[in-house]
Amino acid sequence: MIGNDWAAALFDEGYEETFRRLGKYDTTERDIDDLVRLVGLAPGSRILDVPCGWGRHAGRLQSLGHKVFGVDGSASQIHRARTMWPEVTFQRSDMRNTPPGPFDVILNLWTSFGYLPTMEDDLTALRAWHHSLARTGCLVMELTTRENAEYTNRVGDELSTSKVVDINGVRETSIIDWGTGISRNTYSRDGWTRTSYLRLYRRTEIEDLLRQAGFAAVDQYGSFTGEPVSDAHRTIFLAYPISPGRVSPRPHVPSSHRAAVPHDDSGTPDVPLPQRLSRETVAVNRNEPSLDGGQLSAFLLALRWWAARDRLYFDPVLRE
Ligand SMILES: C[S@@+](CC[C@H](N)C(=O)[O-])C[C@H]1O[C@@H](n2cnc3c(N)ncnc32)[C@H](O)[C@@H]1O
């Protein structure tokens, strides 16, 4: 079912225990509770978790009253998930072949993107998720980006980085080739040895892929609590088929925590802005024609400056 031999081997009965020993599941409940707030999940939301693994996020969300559908390519992960959370619907299928939905939220958590053989395959998965998402829905991706991998591992401009760590009886050997951007990780314990391959994407590359897949707006955060993006942490991407400013209130995250906003005044352009800008503010301003021509020009100039500086995406509506 899983297209890659290495993935079929890794995600077997021994995988859950290996990563439990590495402490990877310790924050599952807290992450989900924070994610619910970040996305502004309405009660009873229809959620697709892809790939869901053994269902740790899906089970938590179902227990909070949402209607969850989990998809994973591994027979053993799906079997385990069904055993643990019989009330959740689980389906064994490739991540490029998702149920039609529509879903209010699609989750792709814990760096579960970049496994497929080619970038085109990864884009196919994003297109499938876009297709399964309600027009007013939101895709949530949590990823170790290339920036995060470099920050954590790379010394200077070395061509590759090798690292070995031992935790609770598990040895993890990682080799990252900075030329190809492929991270190769081998996990060994008690006679169980498996290897994974991950294509590391830069944040801008993820945004580009999301836009190619049809998403109209993308926000980024440095945590599920809505902290600013940082190379030191994984990135949370919230991608919307249509700009949420047009259809529904934005998640309740302080504007000072939003990735698309400069957080201090250093280096900002010397133009009179109507107020500090966030995407929320922008969405509001679109509906309030209270700016005069000069303010509007300054406003658009500032937007263009920020977009060029941070290579951030702004809603096409703003360019009209
Ligand atoms: C790192 S785990 C994450 C699972 C889950 N999101 C979590 O946080 O526990 C990655 C999952 O991707 C699944 N997977 C890998 N390749 C897949 C594919 N082509 N289609 C569907 N699932 C796939 C594996 O079976 C595994 O359960």
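A short reminder: the numbers here are calculations on the coordinates, not readings from a lab. Computed from a predicted structure; not experimentally measured. Glycine gets a Cβ as well: all are built from the backbone with ideal geometry, and neighbour counts include every protein chain shown.
Between residue 172 and residue 83, what's the calculated FRET efficiency when r is the beta-carbon distance and R0 is 22 Å? Round to 0.05. Don't jump to the answer; show the numbers that get you there.
On the way: r = 27 Å, r/R0 = 1.24.
Plugging the Cβ-Cβ distance into 1/(1 + (r/R0)^6) gives 0.20.
Spacing of the modelled spin labels on residue 185 and residue 230, each 7 Å from Cα toward Cβ, amounts to 2.0 nm. With the simple spin-label model, which puts each label point 7 Å out from Cα in the Cβ direction, the residue 162 to residue 134 separation comes to 5.2 nm.
Set the Förster distance to 25 Å, then compute FRET efficiency between residue 197 and residue 63 from the Cβ-Cβ distance, nearest 0.05. After rounding, the FRET efficiency stands at 0.15. From least to most packed, judged by other beta carbons within 10 angstrom and beginning with the fewest, 63, 45 follow the order 63, 45.
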